[in-house]
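Data first, discussion second: the structure below is written as structure tokens.
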Amino acid sequence: MNSRKIIVTLVYCGWVLLLALGIHAPQGAAGQVVSGIYKVTETADLGTQMRVTLQIRLMNSGEDRIFVTQARLRGFPYSGRSEDKPAGVILEAHGSSEFTQEFTIAKQEYELWSKGARPHLGLKVQVAGGAATTITIPLMQRPGPR
């Protein structure tokens, strides 16, 4: 019976340790510290596609400055494409930045947004002093009228 108690205690301590490490793990990738909200400011019906202008606010909850060089909408099962212009957004540590960008997406994808689907933004980013990488973040709709 004593060995059984020891095993149960060790298993319990192992689970507690794993849980503690999972909660306090350092956030290394920019995608873990960047979040965003959007507001649709303009739309144009292009038949089977929509041209959508989004006002996007990105927030950086990390300790490092992040440079966003490009933003593209990523969707499933449809994918959007951005105008071929660099984003040029700088996110200071614990700061935010707002920009407006135009995207062309499938009309079906745009209709899903009104039903609660969240657009995902693919960002090419570079953390100060680090290598460039690509992250994808879900965007929350900004409260208020469209």
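For this structure, a couple of remarks:
- Search result, residues across the range 48-61 that are without any contact (Cβ under 8 Å) to a residue 40 or more places away in the chain and either open to solvent by 10 Å² or more (accessible area, probe 1.4 Å) or basic (Lys, Arg) (or both): MET59, SER61
- Cβ-Cβ under 8 Å pairs, at least 6 apart or on other chains, the range 63-89 side open to solvent by 70 Å² or more (accessible area, probe 1.4 Å), far side part of a loop (DSSP other than H, G, I, E, B) and modelled with pLDDT under 65: ARG72/GLY80; ARG74/GLY80
- Qualifying residue in the range 23-44 (condition: assigned to a helix (DSSP H, G or I), modelled with pLDDT under 95 and in contact with an Asp or Glu (Cβ under 9 Å, 6 or more places away or on another chain)): yes
The values are calculated or read from the model by the stated rules, or taken from the named source; none is laboratory data. Not measured: the values here are computed from a predicted model. Here the Cβ is made from the backbone with ideal geometry for all residues, glycine too, and neighbour counts use every protein chain on show. Keep in mind that these areas ignore ligands, DNA and RNA; they rest on the heavy atoms of the full protein, side chains included. Shrake-Rupley method; radii C 1.70, N 1.55, O 1.52, S 1.80 Å.
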